[in-house]
Amino acid sequence: MMTANARENILSRLRAIPTHGRYTVPEAPVIAGLALSREERIDRLRRMLEVMHAEVQVVAAREWLGELKTLLRTRALNGLLYAPATPLGAVLEAAWEEGLPPLVPYVEPVEQCRESLFTIDAGITSTRGAIAETGALILWPSVAEPRLMSLTPGLHIAVLEAEAIFNTFAEAIDRQGWLEQGMPTNVLLISGPSKTADIELTLTFGVHGPKELVVFILQ
Amino acid sequence: MAKTEDVAIFERNVAKALGDGQLRRNLRSAMATMSQRRRTLFADTEAFEQLRTLGQSIRRRALSQLPELLEQLEQRCTANGIQVHWAETAAEANAIVLDILRRHGATRVIKGKSMVSEEMHLNHFLEEQGIEALETDLGEYIIQLDGETPSHIIVPAIHKNKDQIAHLFHERIPDAPYTEVVEELNAIARGELREKFRTGDVGVSGVNFAVAETGTLCLVENEGNGRMCTTAPPVHIALMGLEKVVEKLQDVPPLLRLLTGSATGQPITTYFNMITSPRRSGELDGPHEVHLVILDNGRSGIYADPERRTTLQCIRCGACLNHCPIYTRLGGHAYGHVYPGPIGSILTPQLKGLDEAGVMATASTFCGACEEVCPVKIPFTEILRMLRNEAYARDESEHEVQGHGYRYTTVEALSWKSWALYNTSPALARIGAQMLSKFGQHLPMIGPLKEWTRVRTPPPFAPKTLHELAQQRGLDDDR
């Protein structure tokens, strides 16, 4: 292919010693990050997510399923996409009952279920944590919990343990040891339902991704 | 003095843009809103200044070891299963993309927003090869429908208002009803594109940051179309300019904050998408192949000069556009090149050569607003001044910018030599100044004077020179 030497040519041009002038790197200031209490972190996360039109419910761990069921009963949903091989999946299976939208497991490769992934109304995922400062959930898709679950359904429900809310993005990377354990295929920060302001800067929600994001923060 | 072709074209573009009342109204409100949102987010100026210095430091540290970081990025990406390609020119990058598409028999490409792909004119290239390349970012989708190019690097359709978009959708999208309601326009686009996401053969995206330490490609977006393009099709091709690399994972959080805040005043976008590998064994979705194309296209030439290298610090937030008195009156199309506004004015002449795009460096009042808002402190005015000098520097070019000296004329060179002589010879200066006092009013209005006085009244020359006035007041020549 004609690009056989492109790599060497580019790198050798970048390595050429400049004939004049110096390129300096200014010292990086040390910026103190947020340091909020547990309650403040929950509160800030909730506020930031709500500004971005997410619906946030802070609930006791043993009550959240009831709240979820109440939410689902008020809507006519054709199904709830879930990941059966996760702890969350097991909880949902055990608690499911009449009158709720059917639980639809994501167990086949996308090639076999593309149609249904793009037509299902809702999906529920766990989260690996959250960032209080900017308001964002950390999603860590895996073999058990695939990537499209939080993208193709119109309603995305995310479940978050309050313990996993960090002050900042930098703190989450550090404390959760992202580097040490190696990055997964895909990590996502999600701060609300999909949105755009491309027409006259008018902010509207629900473009290509979910139209709604509901977050359960479990105390 | 004869005008060079680039100047003539630019002047025509400027006249057209300034005469377009609709365009100016659309721009005025949008730019004011974007600047205001940014100001609100970074209201704590002291904290912002610190963050800016950090951003500058991170970008400069990355550029100071660019070849090593690119090699590290390549090595980590390859280990992760991402296939890395290098392209010296846009044509090479296009050929690489086409080759991948051909191998997969792809005919439908879905694209996330990427300025590098604009630089490559990828859509046009693929169309000629019979491949549909569909823009899926709402703004990009709108302008693609109208056969236009982006007029802003963050909000590409900002030059259009909703009435214009309403007509466009109604005329170009089969069965689309006429509506001026923004939510309904969004819904029409969502409906059209959803099917494309489901059936697209290959997804193409840009890259906001590429992390050398982990081999991770980071993408910033609000709509979810970027996630669709990088997750739903079986193949993902990411395009990046070679300056996009950063050293460490921990370099990402401050840059992300600076990028989203400077661009749209958001603390963070809806999605921050970090891609480290293709689909791994057992995973149910994501592309089986991820390709990274690293594009030079003139960047290594900029890199070679330490002063010009600062141009490559850019993280493409667009804040310099939103705050530029020239951009906010003209919009992006008048510049005539892919990257408009202050960043375009310093980047494009260096990428394409002064002889092709040197006029862009003249699209500045030197007010310095771009420099003040730049989240990574690019010294815009210094580079602009240098580029203007280079445009006239035929033999004495210090920075060897491609196409330097293209505006050199003997008449002008001679004029400046005379000017220097005049100002370094007291006798000559005295006689000259006195002559101007007496006869300046009757100077023939030709050449640049004619041009300058076309829309201005020439100021009268003072009857006495500044020197004479100073002497009358008893001021000493030496003080």
statement: Per DSSP, the loop-located GluC sites (Glu not before Pro) within region A:12-92 having at most 14 other beta carbons within 10 Å are A:GLU27, A:GLU63
field: Residue among B:VAL401, B:SER57, B:ALA238 farthest towards the positive dipole end of the protein assembly as shown, charges placed on Cβ
entry: B:VAL401
task: Over every pair of different alpha-carbon atoms in chain B, take the mean of 1/r and invert it; report that Kirkwood radius in Å.
output: 24.8
field: Cβ neighbours within 10 Å from other chains - mean over A:9-21
entry: 6
task: Mind sorting B:SER397, B:SER277, B:SER117, A:SER12 by how few other Cβ atoms lie within 10 Å of their own Cβ, fewest first?
output: A:SER12, B:SER397, B:SER277, B:SER117
- prompt: Considering only DSSP states other than H, G, I, E and B, which trypsin sites (Lys or Arg not before Pro) in region B:1-63 qualify as loop sites with at most 16 other Cβ atoms within 10 Å?
  reply: B:LYS3
field: MRE, 222 nm, helices only [DSSP H, n ≥ 4, -39500 (n - 2.57), over chain B, to nearest 500]
entry: -15000 deg cm²/dmol
- prompt: So which trypsin sites (Lys or Arg not before Pro) in region A:73-120 end up in coil per DSSP with only 12 or fewer other C-beta atoms within 10 Å?
  reply: A:ARG75
- request: Give me the percent of DSSP beta bridges within region B:66-297 that run antiparallel, rounded to the nearest 5.
  value: 25
query: Under the definition of partner shielding as Cβ atoms of other protein chains within 10 Å of a residue Cβ, what is the mean value for peptide B:194-201?
result: 2
Lone cysteines, chain B (no partner Cβ under 4.7 Å): B:CYS77, B:CYS218, B:CYS229, B:CYS314, B:CYS317, B:CYS324, B:CYS367, B:CYS374
- prompt: At a Förster distance of 45 Å, what's the computed FRET efficiency of A:THR74 paired with A:VAL25, Cβ-Cβ distance as r, to 0.05?
  reply: 0.20
query: What average number of partner chain Cβ atoms lie no more than 10 Å from the Cβ of the residues making up A:23-34?
result: 5
query: Between region A:100-153 and region B:420-479, what's the alpha-carbon centroid distance in Å?
result: 75
field: Per residue convex hull volume, Cα atoms of the protein assembly as shown, in Å³
entry: 183
- line: Quick shape check on region B:231-307: root eigenvalues a ≥ b ≥ c of the Cα gyration tensor, a/c under 1.5 is rounded, otherwise prolate if a/b tops b/c, else oblate, and it reads oblate
Anisotropy class of region A:63-219 from Cα gyration tensor, a/c 1.5 cut: rounded
message: Based only on other Cβ atoms within 10 Å, what is the fewest-to-most ordering of B:ARG316, B:ARG108?
response: B:ARG108, B:ARG316
message: Using helices alone, I'd like the mean residue ellipticity at 222 nm for chain A: each DSSP H run of four-plus residues gives -39500 (n - 2.57), total over residue count, nearest 500.
response: -8000 deg cm²/dmol
Under 20 Å from B:LYS113, Cα to Cα: lysines that are on another chain or at least 8 residues apart: A:LYS195, B:LYS160, B:LYS196, B:LYS244
Cα gyration tensor shape of region B:416-472, rounded if a/c is under 1.5, else prolate or oblate by comparing a/b with b/c: oblate
message: Report for the protein assembly as shown the percent antiparallel among DSSP-assigned beta bridges with both residues inside it, nearest 5.
response: 30
Calculated over region B:362-439: convex hull of Cα atoms, volume per residue (Å³): 157
field: Burial ranking of peptide ranges B:343-350, B:244-251 (average Cβ count within 10 Å, highest at the top)
entry: B:343-350, B:244-251
statement: In nm, the gap between the two label points placed 7 Å beyond Cα toward Cβ at B:GLU184 and B:LEU469 is 6.6
field: Cα long-axis angle, helix B:380-392 against chain B (0 to 90 degrees, to the nearest 10)
entry: 70
query: How would you rank A:VAL25, B:VAL338, going from fewest to most other Cβ atoms within 10 Å of each one's own Cβ?
result: A:VAL25, B:VAL338
task: Determine by what factor the alpha-carbon radius of gyration of region B:66-297 differs from 2.2 N^0.38 Å, reporting the quotient.
output: 1.00
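Computed from the coordinates by the stated procedures, all read-outs in this text should not be read as laboratory data. Keep in mind it's a predicted model, so treat the numbers as computed, not measured. Here Cβ is always computed from backbone atoms with ideal geometry, including for glycine, and neighbour counts include all displayed protein chains.
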